[in-house]
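Report on the following structure.
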Amino acid sequence: MELELRGIRKEFPGVVANDDVSLRVRSGETVALLGENGAGKTTLMNILYGLYTATAGTVLIDGEEVVFHSPSDAIKAGIGMVHQHFMLVPVFTVAENAVLGDEPTERLGWLDKRRARKAVRDISERYGLNVDPDAITEDLPVGIQQRVEIIKVLMREADFVVFDEPTSVLTPTEVDGFFEIVNTLKAGGKGIVFISHKLGEALEIADRIVIMRRGRTVAEVLPSEVTEEQLAELMVGRPVDLVVDKGRAQPKETILAVNSLSVLDDRNRRVVDGVSFEIRSGEIVGIAGVQGNGQTELVESLTGLRPSITGTVFLNGEDITTKSPRAIHKLAVAHVPEDRQRSGLVLPFTVTENIVLDSYYEDPISKGIQMDWSAARERAERLVEEYDVRTPGTEVLVSTLSGGNQQKVIVAREFDRDVRLVIASQPTRGIDVGSIEYIHSRIVEERDQGAAVLIVSSELDEIRALSDRILVMYGGRISGEFPGTASPTEIGLAMLGSTSEAEAS
Amino acid sequence: MTTTTTAAEIRIRATPEERRATAVGVTLIFLAAFVFWVFGLGVESGSVSTFNLSLPGAVFADLVWAVNSQWLAYAVALILAFLGGLVLRRTHIRLTNLALAIGLGLLALAFLTWAASGKTFSLVGMLKSTVVLSVPVILGGLSGLMCERVAVINIAIEGQLLTAAFVGTIVGSVSSIWVGLFAAMATGAVLGGVLAVLTIKFRIDQIIAGVVINIFALGLTSFLARRVLGEVQDLNSPGRFSSFKIPVLGDIPVIGPMFFDHNMFVYVTFILVIFVHFALFYTRWGLRSRSVGEHPRAADTMGINVFRTRYRNVILGGVIAGFGGAFLTLAQVSRFEENLTAGIGFIGLAAMIFGRWMPIGVLGAGLVFGFARALQQKLGILGTPIPSEFLSMTPYIVTIIVVAGVVGRARPPAADGQPYIKD
């Protein structure tokens, strides 16, 4: 069988997300769709899956044109999709999620739970997925949740399986297991589309690589014919430096000392469990780990957004354990939050308004109870210039900027003072390579000026590129400490929870 | 680079659950003291409270429980203090709620004993009223549950009950009570449909849409009640569904009159609770509805029509509220009055929250609220030193306590209250 997308164009109000995009997949082959964040890969796949309607262009299966008005049309045509953000109902069991939308029933719509369980068990065995049909989905690690997504697709007998950024949530070891599953599917005659922005993975898994840039397909190459550098250049459109340029760290006095900190999540589970570490002036400490192992709550606790239940946090020798976010902010702590749209910016505000969010109450931005907007604008204009924020002006809504420029607005606001501690969570998630390079260099600059830096990222590449010292979080604890030069395999083991202490320095 | 930890450095801060346990424990001990002073010492020693356990004319007539008012209060106070102590030890945090429930039950018993001291009180009569008065609350709660399980907040239950009661009265008066019942349910469906269109299609804030419907319903029915029902009395006398005793079961002492000697509405309500429970958790319809309430995008990607599912359930919720409205004027009383519902719809919503979005939970919560309403009625008859204005507040005070989260937080459907936007 063959699936083809021909001349696809998709316009959103004001932007062209896809422009004359073509892609072809045959049964039993893996095609990687490679492109930067915002290149239009996900839009293309949502069109294929019937979630969006294309402005122009056609989808063909075995040469025949098909039109999908909804995902159920696509499912019927044999297309399955494993979304980047899992489409699983957290409170359902695995079996319930697997059959949703195509439930085995007895009379009167009564669910046949036994048949559902058996179907899951059968597929799980056939493809070596090892998933318990009765487990509650939200209790499973993300790696297993992804397998539930795969089971969902296989239960509907898909001929083509689309994986949207499937490895972004996995540990290095899990990625290996995932590739095995992909190859089993391929051997079973499925056509696979692997969407990614990770060069190495595309080279490893794909039979063919299609590259997208700014909404267009710009090249199609065979993995055997290209190097990583060439792929990067095709993807970004200019030569890219893949390593962060930084000198040796020169750690001095301790800035941040965390001792036996425990924190509860929203459901009162102890997701940070007795964590202790220190960060010194002039060093970057990276916290690696699969998302959901307590990193979010740890950062929220350090920045005063979430109370801790045990332990202490000292900044420059001052106890900040129970201080308010503003008090901590005023002690020269810069915080780049994990989700820029939810907690980093007020989206319906302008760039200026967002820039002064942390200083609106102080001279010179306000005089008494009155805001001095010209002073605010002045600061915004200076920072936009200084931090290379690409915006038509400081009075446009921050929601109209690209992800990379939104992130630069946050970095500008947080870094524009004498910073002692930087806490940056997922600082480059979902942004373009140019902005990534810029933000990385800004972070290194802060370090060299004597700040202590804490980076939290689920991208191991980013952690390894930036960090002078790496801590791995697993199940709410620090499961390993490594020098910045450690290999991904070593770190990967700790990310799975095996506590092999490789002490740094 | 190693960090050492000494016990002195670690300050243990209480978890929210532990803090709650402390609050509950202190409350229980406070209540124990209260029961001891007011219900124990405040009663003449040797006075007896007499509870009738059967209604006149029952098969097992003249069942009576007589108890020394003071001794019972002392016993309750002792148990409350004991429970409070147990909770304060915080060794079994999970049992905090159980202790609280037992404690509040005992408090109610002590209160009744105090109120009935030196008198005779028909306990079974009050329990029977509890069931009857819980019916509209349970139906309101089920209506809300139907909607919130697909992530639409139905705050318009009150208006749906009221309008359905009004329409049921008029139609029931000019035709038969069965036609009136049907008209009431159809009214509920229409108002459910209005809520659905406003919130699903036009994505108006669900709370505001619901409030608008409530204000509209109150204004319209009050106006028409004065102008039409006030002028033409014949339109305000629909007759009533009569009650029928279920053979054998209805003769069991206490339980019989409580559950098996009622009109059709009461039986249907209990069956409906069980029906909705099974439908929600054991059928395709239920699985799909819950998925739409928890993660609509996931449902959408699996080919489930989110909008259609929401319309259907919100309209069904309206039908249930309509049924509840019919109960008010075609069974409980047989005439319509201005603002006859007096907040029952909101209490139903509270019952849904208290019942943790589960049909069986709604039933239990509904009975608690029914008890509060029955207490208010029967104590008025008994004559206690408490002013009647305070007694009328009982159901609402219970509602506030429940909604403020005294009974612990439950987890609503994840997408509750959020409109679904496709593109």
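Points to keep in mind about this one:
- A:Ser479 long-range amide H proximity, modeled H, under 5 Å: A:Val472, A:Met473, A:Tyr474
- Cross-link pairs exceeding 31 Å between alpha carbons, from the set A:Lys10/A:Lys113; A:Lys198/B:Lys201; A:Lys252/A:Lys330: A:Lys10/A:Lys113; A:Lys198/B:Lys201.
- Overall, the protein assembly as shown carries a charge dipole of about 3540 debye about its Cα centre when +1 sits on the Cβ of Lys and Arg and -1 on the Cβ of Asp and Glu, all other atoms neutral.
- Karplus-derived 3J(HN,Hα) values for the stretch A:344-357, using 6.51 cos²θ - 1.76 cosθ + 1.60 with θ = phi - 60°, are x, 9, 9, 4, x, 9, 7, 4, 4, 4, 6, 5, 9, 4 Hz; glycine and proline are entered as x.
- Summing charges over neighbours of B:Ala342, with a neighbour being any other residue whose Cβ is under 12 Å away from its Cβ, gives -2 when K and R count +1 and D and E count -1.
- Chain pair A, B: total accessible area buried, heavy atoms, 1.4 Å probe, Å²: 3600
- Cα-based Rg and Dmax for the stretch B:13-118, where Dmax is the largest Cα-Cα distance (Å): 16.7, 61
- Highest-MSF residue in chain B out of B:Ala183, B:Ala21, B:Ala342 [GNM, Cα springs under 10 Å]: B:Ala342
- Here's the picture: charge each Lys and Arg Cβ at +1 and each Asp and Glu Cβ at -1 in the protein assembly as shown, and of B:Ser388, A:Ser479, B:Trp65 the one pushed furthest to the positive end of that dipole is B:Trp65.
- Peptide B:285-292 has a mean of 5 when you count, residue by residue, the C-beta atoms of other protein chains within 10 Å of its C-beta.
- All Cα-Cα separations within the stretch A:348-416 were binned at 10 Å from zero, giving a P(r) of 24, 56, 19, 1, each value a whole percent of the pairs.
- Accessible-area composition of the protein assembly as shown, carbon plus sulfur, in percent [1.4 Å probe]: 58
- Charge dipole magnitude, Cβ of K and R +1, D and E -1 - chain B, Cα centre, debye nearest 20: 1060
- Accessible surface of A:Tyr49 - all protein chains present, 1.4 Å probe, nearest 10 Å²: 10
- The helix-only estimate of mean residue ellipticity at 222 nm for the protein assembly as shown, built from DSSP H runs of length n ≥ 4 each weighted as -39500 (n - 2.57), is -14000 deg cm²/dmol after division by the residue total.
- Under the simplified labelling scheme, the B:Thr91-A:Val67 pair shows an inter-label distance of 7.2 nm, with each label point 7 Å from Cα along Cα→Cβ.
- Which of A:Thr352, A:Tyr387, A:Ser402, positive extreme of dipole for the stretch A:348-416 (C-beta unit charges): A:Ser402
- Length gained on full extension, A:Val15 to A:Val218, computed as 0.36 nm times the residue gap minus the Cα-Cα distance: 71.2 nm.
- Amide H to amide H, with H built 1.01 Å from N, A:Val82 comes under 5 Å of A:Val162, A:Phe163, A:Asp164, counting only residues 5 or more places away or on other chains.
- Enclosed volume per residue, in Å³, of the convex hull spanned by Cα atoms of the stretch B:127-406: 140
- Computed Kirkwood radius, in angstrom, where 1/r is averaged over Cα pairs of the stretch A:424-497: 13.0
- Positive-end extreme of charge dipole, the stretch B:127-406 - chosen from B:Thr309, B:Gly325, B:Phe369 (charges on Cβ): B:Thr309
- Residues in the stretch B:319-329 carry Karplus couplings, in order, of 4, 5, 4, x, 4, x, x, 4, 4, 5, 10 Hz; the curve used is 6.51 cos²θ - 1.76 cosθ + 1.60 with θ = phi - 60°, and Gly or Pro positions show x.
- Local electrostatic count at A:Val153 - Lys and Arg +1, Asp and Glu -1, tallied over other residues with Cβ under 15 Å: +1
- Shielding score for B:271-284, defined as the mean number of other chain Cβ atoms within 10 Å: 2
- 1.4 Å probe accessible area per residue over chain A, in Å²: 42
- Eigenvalues of the alpha-carbon gyration tensor of the stretch A:2-236, scaled by 5 and square-rooted, set the equivalent ellipsoid semi-axes at 30, 21, 16 angstrom, largest first.
- Highest-fluctuation residue, B:Thr22, B:Thr169, B:Thr341 considered, GNM on chain B with Cα pairs under 10 Å: B:Thr22
- Largest first and in whole Å, the equivalent-ellipsoid semi-axes of the protein assembly as shown read 57, 37, 27, each the square root of five times a Cα gyration tensor eigenvalue.
- Total formal charge among the other residues, if their Cβ is under 11 angstrom from that of A:Lys186, Lys/Arg +1 and Asp/Glu -1: -1
- D (Stokes-Einstein, µm²/s), Kirkwood Cα radius, the stretch B:64-209, 1.567 mPa s at 4 °C: 66
- Vicinal HN-Hα couplings computed from phi for the stretch B:93-99 (Karplus, 6.51 cos²θ - 1.76 cosθ + 1.60; Hz; Gly/Pro x): 3, 5, 8, 3, 5, 4, 4
- Stokes-Einstein diffusion for chain A, with the hydrodynamic radius set to the Kirkwood value over Cα pairs and evaluated at 10 °C in a medium of 1.306 mPa s, equals 65 µm²/s.
- The equivalent ellipsoid of the stretch A:448-489 has semi-axes of 18, 13, 10 Å, largest first, where each one is the square root of 5 times an eigenvalue of the Cα gyration tensor.
- Placed amide H near A:Met212: partners under 5 Å, 5+ positions off or other chain: A:Leu34, A:Gly35, A:Val218
The values are calculated or read from the model by the stated rules, or taken from the named source; none is laboratory data. As the structure is a prediction and not an experimental result, all values here were calculated from the model. Positions of Cβ are generated from backbone atoms using ideal geometry, with glycine treated the same way; all protein chains shown enter the neighbour counts. Just so you know, the surface numbers come from the protein's heavy atoms only, side chains and all, with ligands and any DNA or RNA stripped out. Shrake-Rupley method; radii C 1.70, N 1.55, O 1.52, S 1.80 Å.
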